[in-house]
């Protein structure tokens with residue numbers, strides 16, 4: 001009798017873990033789903049690491065500057081060492097302006113650190129999708 005209840009408890013735990021695992025995808029699943037029912041237009045994501053390749057767990061503020069819209073979007077990383085920007089492409093659509101990658105800059109503010117890469121917040125020349133940009137920081 002005790003064996004059956006232990007088996008049932010173990011089975012319930014495994015079933016719960018399998019049922020919730022679909023919501024914990026971080027690099028391509030639920031993490032990139034937009035708030036509404038639409039598609040992701042243009043989102044930047046990546047890691048914040050030190051020069052040794054270790055994830056930085058300190059508080060950071062990331063800023064996306066969109067010069068042709070005269071807007072900037074400050075935001076906090078999703079979890080230590082990992083970030084995801086707001087949907088910049090959706091803002092462009094809303095304003096009726098085409099995405100111009102040369103008008104987009106991304107930088108990071110962390111007290112006691114300076115940004116090594118990407119230099120000057122340079123972004124890839126892409127106008128759609130989820131784009132990976134990792135930040136390399138150096139202790140000052």
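Do we have residue 34 as under 17 Å from residue 109 (Cβ atoms) and either at pLDDT 90 or above or within 17 Å of the chain's Cα centre (by Cα) (or both) here? Against the criterion (under 17 Å from residue 109 (Cβ atoms) and either at pLDDT 90 or above or within 17 Å of the chain's Cα centre (by Cα) (or both)), residue 34 does not qualify.
The rows are residues; the columns are (1) surrounded by 13 or more Cβ atoms within 10 Å (Cβ to Cβ); (2) over 15 Å from residue 65 (Cα atoms).
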position: 102; (1), (2): no, no
position: 115; (1), (2): yes, yes
position: 132; (1), (2): no, yes
position: 135; (1), (2): yes, yes
position: 139; (1), (2): no, yes
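Does residue 111 qualify as being surrounded by 12 or more Cβ atoms within 10 Å (Cβ to Cβ), out of contact with any helix residue (DSSP H, G or I) (no Cβ under 9 Å at 6 or more places or on another chain) and assigned by TED's automatic domain parsing to the domain that holds residue 44? Criteria not met by residue 111. Here residue 27 meets the list (1) part of a loop (DSSP other than H, G, I, E, B); (2) modelled with pLDDT of 85 or more; (3) surrounded by fewer than 17 Cβ atoms within 10 Å (Cβ to Cβ) almost entirely, failing just condition (2).
The values are calculated or read from the model by the stated rules, or taken from the named source; none is laboratory data. Given the structure is predicted, the values throughout are model-derived calculations rather than measurements. All Cβ positions, even for glycine, are placed from backbone atoms using ideal geometry, and neighbour counts span all protein chains on display.
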